[in-house]
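The structure appears right after this line, and notes come after that.
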Amino acid sequence: MSRSILLIFLLILLFSQIGFSQEANVDSLKAILPGKTGKERIDVLNQLATSLRESLQDEALTYSLEVDSLTEHIADPLAKSRALENISWIYYRRGQWQKSFDFAETAYEIAILNDDQLQAARLMNNLGALYYEQQNYQMAITQFKRGYQLATQVQDLSTRIRSLNNVALNFIQTDQLDSALNYAKRAVSLNENAGSPYLTSFAHRVIGDVFLARGNYDSAQVLYQNSLEMARGQGVKSFEAGVLHRLGNAYLLEGQLDKAEELLLYSVRLCEENSFLDELSKSCRHLASLYEIKGNIQQAYLYQSRFLELNDQLQNKANRDRLSLLQNMFQSNLNESELELLKSQNENQAYRLETSKRYIIFFAITAALIGVLVLRMYFLNKSVRLINSDLRLQQQKIAEQNLALENQSQQLKAMNDTKNKLFSILGHDLRGPIAQVKSVVDMFLAGYLEREEFDELIQVLNKDIDSVNFTLINTLKWSMSQMEGFHVHPSVFDLSKVVENSLQLLQPSFNEKKLTVFNHMGSKVEVYADQDLIEVVVRNILNNAMKFSNFEDSVTIYSDSDKETIYWCVQDQGVGMDEEQIALILSDSYALTKSRPGTNREKGSGLGLQLTKEFVRRCGGTISIESHPGHGTKFCVQLPRRDSNTNGQAIASQEVFKA
């Protein structure tokens, strides 16, 4: 404990040297902004946006958008990348992660194109934060470490400190506390000479998390309190909310229930006023535990119910927003088409009214001028023919618009079906096995299971986890393939190595069924395709062969080639398929079908073969299937050996089957 207190005093001594020069800097920048034009104004706007994006996000967003507009007329790609990076971070803070990713991706491409390592380092932190929100902590750590390396190369102290703090935060999430503390101390050491008050507050909070996880509640309280005071001094309410529930939990764990209750109730009010849903859910969870200890079961139930509701809402937000966006896009197109239809109908009606007026005038004139009747009738007849021709054209356009509306309605219905299937996968195929794993672990931790019983169940749980992991990878790959801007990156690579890697990943599943694998591929089989997509194709086809093979069957893998094409095939001896099943798999429609259970009751999401068909098509290949019920199945994938298309674009494929 004395060592912890010594570290706290050291941190306070170091952080006391860091003033709040940032506020003075912001004031001076605002003072000189009106007199700046051109490139100088762009630089001042970017500095202001970077300084204010944590505390005054609306103002920072205004500055960044002005830079984005100015760089359209003044060629300054690096300044534009900096502005887009600030916009990305502001959307991240607001929970709009898809927008944040889009702006960060564009900014990163500009930075790499212009060899700006400092800007790339900042964007590595933006992308790492997005991976953190997805709870992909290992990928987040990789991004933050890369950002630290780039910032070190260009000697940017602020980005180095930010990267170290972020790495430490992710190590805490993976329970690697020693590593977390090591990175946090390195951030403290760099912060001794320079650093912002925000990064100082961040370091306090990160080290406080380490002490809290280790049970040093008094030390954690001191660090959280310092972090809270700095956050309030800067007016960063989002960061203040993040510290409040941590400090309240530290008091709760030490038994200081009154202090914990006061802080957590204030945290709930602050989060409700500012719509900080993530921090609000954590505060409600801690209050539920506090009132349970106090014996106030009614309040404990109230906050526990609220926590569960918020938690489910946060978990489903990303998928719901994405699907809602797609639906809104289709609805917008539908409304525009309806508007065009009404406009055309109104023009048609107006034209008819105008024609009627002409008839009236004509008959009035004929009463007085019989002599010009023939001449008038001639011109009128010509005008009528032109009108009828226009009406027919308009009717044809209306019919085409109606057909387009009908097609869009069918597309929207297909999207709704896909959305429902995706929610079913996430809600049933993933949530069920994970809940089962958690239930067994909770029973073991509570002492309801003996060690021997737990060891017996762990193999079953491991199989469920493997199935969940496989389904999750397919679901993510499928979702990415449906996004706008998804690109194929073909190159020449060795297909035999991809097959060997996939066999190693699936070896436990093959061993469980005692399957014999005959790999007759050559030592080097080069194809021209997107390697990431083909890895998914190979893994799904091999997994499918394992899934529907009987115990002690064999699976044969081989390849063949001609001058332009590589043929890669997998033959199993399993249950096989009938003609109708094969036709459904290879149909042009992109429907998510219900997956059949395997011979050992293996589960699936139905996405595997759809991903295989889609990714092979995008790589310019084809699929063929030969199968007979009860006599196994042979999957063959045909891929090009080299780029045979202008600009490397993949060609559309045609699937064939035999039954």
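Annotations
- Portion, in percent, of the accessible area of the stretch 94-165 that falls on carbon or sulfur, probe 1.4 Å: 48 percent
- Using the Karplus relation 6.51 cos²θ - 1.76 cosθ + 1.60 with θ = phi - 60°, the per-residue 3J(HN,Hα) values for the stretch 157-169 come to 5, 4, 5, 4, 4, 4, 5, 5, 4, 5, 4, 4, 4 Hz, with x marking Gly and Pro.
- In Å², nearest 10: area of Arg53 left accessible to a 1.4 Å probe: 20 Å²
- Sequence-ordered 3J(HN,Hα) estimates for the stretch 280-288 from the Karplus curve with 6.51, -1.76 and 1.60 and θ = phi - 60° stand at 4, 5, 5, 4, 5, 5, 5, 5, 4 Hz, glycine and proline given as x.
- Rounded if a/c under 1.5, otherwise prolate or oblate - the stretch 507-628, Cα gyration tensor axes: oblate
- Length gained on full extension, Glu552 to Asp532, computed as 0.36 nm times the residue gap minus the Cα-Cα distance: 4.1 nm.
- With a 1.4 Å probe rolled over the protein heavy atoms of all chains, the accessible area of Val492, Val536 falls in the order Val492, Val536, largest first.
- Taking Leu190, Leu533, Leu393 and ordering them by how much accessible surface each has at a 1.4 Å probe, largest first, produces Leu393, Leu190, Leu533.
- Using the Cβ of Gln571 as centre and a radius below 11 Å, the other residues enclosed give a net charge of -2, where K and R count +1 and D and E count -1.
- Stretched out straight at 0.36 nm per residue, the stretch from Glu133 to Asn381 would grow longer than its current Cα-Cα span by 82.1 nm.
- Net charge, Thr106 excluded, C-beta distance under 13 Å - Lys, Arg +1, Asp, Glu -1: -2
- Loop-located GluC sites (Glu not before Pro) across the stretch 19-97 with a Cβ neighbour count of 16 or fewer within 10 Å are Glu72, with loop assigned by DSSP.
- Less than 5 angstrom separates the built amide H of Ser549 from those of Thr599, all sequence-distant by 5 or more or on a different chain.
- The heavy atoms of Tyr131 offer some 70 square angstrom of accessible surface to a 1.4 angstrom probe.
- Modelled this way, with points 7 Å down the Cα-to-C-beta line, the labels at His628 and Ala446 are 5.5 nm from one another.
- Which of Val441, Val243 is most accessible, then next, and so on - probe 1.4 Å: Val441, Val243
- Reachable aspartates and glutamates, given that their alpha-carbon falls under 20 Å from the alpha-carbon of Lys382 and they are not under 8 places away in the same chain: Glu354, Asp390
- The accessible area of Lys413, taken with all protein chains in place and a 1.4 Å probe, comes to roughly 110 Å².
- Computed extension gain for Ser69 through Ala31, at 0.36 nm per residue and net of the alpha carbon distance, reaches 11.5 nm.
- Simple spin-label estimate for Ile297 and Ala399 in nanometres, 7 Å along Cα-Cβ: 7.3 nm
- Separation of the alpha carbons by more than 30 angstrom is noted, of Lys438/Lys547; Lys99/Lys497; Lys185/Lys237; Lys413/Lys634, for Lys99/Lys497; Lys413/Lys634.
- Solvent-accessible area per residue in the stretch 158-311 equals 40 Å², computed with a 1.4 angstrom probe and all protein chains kept.
The values are calculated or read from the model by the stated rules, or taken from the named source; none is laboratory data. Not measured: the values here are computed from a predicted model. In this analysis, Cβ positions are derived from the backbone assuming ideal geometry, glycine residues included, and neighbour counts consider all displayed protein chains. Ligands, DNA and RNA are stripped out before the accessible areas are found, and what is left, the full protein with its side chains, is counted by its heavy atoms. Shrake-Rupley method; radii C 1.70, N 1.55, O 1.52, S 1.80 Å.
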